[in-house]
Amino acid sequence: MPKITVLTVVLAVILITVILAILLVNHPTSPTGKAKLILWITPWGVGNYTVPSWAIPGVVLAYQCNDPQASMIWINWALYTIQQYVNEDRPVFINIFCEIYQPSYRWRGTLDYISVPQFIVQDLKKINPSGRGFYIGFSEEAACVANATCRENMIKIYDELRAEFPEANFFYYASGGEDVNNVLALAKGANLTLVGYDIWDYRYVNGVVTVPDYLINNLKALKSSGFNIMVGEVGFRYCDEKAYVEPANWNIKFTWNCTAPAVYMSQVLGELTSSLHPGFIGIWAWNDNTFGVVLNPFLISALENYTKG
């Protein structure tokens, strides 16, 4: 056998050190690229509002846009829930739902105006004066974002909120059909921290659920424009074998299978992580009666497993 000298050992150590340095430069700390999960909590859902520690609580602050006082039960619930998580020193996403619920429901995506009552802003300031740890924003305001006048007003509202909460972060995520150029115009004008899309459209082939190319491409366009991206909502009906079919339609008759949505969720989270590396992925929803993660232990396990490793 050849004799191993001190010089040989030293040279070997130097070589290994150089190789490791190169690897660490190209792959610093070997990141997994996994997103942080937001579990959206709704005021109309079941009673368990306690988001587990492996996810970030997202509170849906919903109110009657043309008559906020008519929604005080929901508003007070949201403020109380936000307060609890602030007390725990946890970050909180606040999703402002300015919709019309009475006399007939009008989704916020069809409204050509947004109004945030001052009393809600002031109550939030009492909870968290600087906004540190808050992520505040709107979602799926399709008609408003597509309208230049309404979009400018929306930017003004973001500016006003930033003035009230100087340490907060601000987001917007679009519904699937929104023009990416309009979304970019909003994100640039409002100087948003996070911008993205929700995902309520899937493809199913041979047992695998995937995200359509147009949604992936929209998210890539936002990312290539320099923005940190989020996927605002990923959702499946909670115990439905065909949860990927019209997934946002809560009137579809369930084909009962509680393991199926957990499998689909894992597939979609894996695809989003590998193709986009978003900073955050919102899960719809923790406690909603139709999509409720809390009602399906298999889905809870799939989400928790995603956050590990």
Counting just the residues of the range 284-309 that are surrounded by fewer than 18 Cβ atoms within 10 Å (Cβ to Cβ) and among the polar types (S, T, N, Q), which one comes out modelled with the lowest pLDDT?
ASN289
Condition met for LEU222 (in a helix (DSSP H, G or I) and either touching a Leu at 6+ places or on another chain (Cβ under 8 Å) or open to solvent by less than 10 Å² (accessible area, probe 1.4 Å) (or both))
yes
Looking at the range 181-195, can you tell me whether even one residue there is closer than 19 Å to PRO68 by Cα, at pLDDT 95 or above and either in a helix (DSSP H, G or I) or not β-branched (Val, Ile, Thr) (or both)?
no
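Here's the yes/no breakdown for (1) among the basic types (Lys, Arg); (2) over 20 Å from the mean Cα position of the chain (by Cα):
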| site | (1), (2) |
| --- | --- |
| TYR105 | no, yes |
| LYS126 | yes, yes |
| PHE138 | no, no |
| ALA142 | no, no |
| ASP159 | no, yes |
Grab the strands (runs of 3 or more DSSP E) fully contained in the range 52-166, keeping just those with 1 or more residues being open to solvent by 10 Å² or more (accessible area, probe 1.4 Å) and more than 27 Å from GLY279 (Cα to Cα).
56-64
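Yes or no: the range 167-182 includes at least one residue that is farther than 21 Å from VAL116 by Cβ, buried (at least 22 other Cβ atoms within 10 Å of the Cβ), touching a residue at least 24 places away in the same chain (Cβ under 8 Å) and not hydroxyl-bearing (Ser, Thr, Tyr).
No - not one qualifying residue is present in the range 167-182.
The values are calculated or read from the model by the stated rules, or taken from the named source; none is laboratory data. This one's a predicted model, so the numbers in the text were calculated from it and none came from an experiment. Positions of Cβ are backbone-derived with ideal geometry, glycine not excepted, and every protein chain shown enters the neighbour counts. Just so you know, the surface numbers come from the protein's heavy atoms only, side chains and all, with ligands and any DNA or RNA stripped out. Shrake-Rupley method; radii C 1.70, N 1.55, O 1.52, S 1.80 Å.
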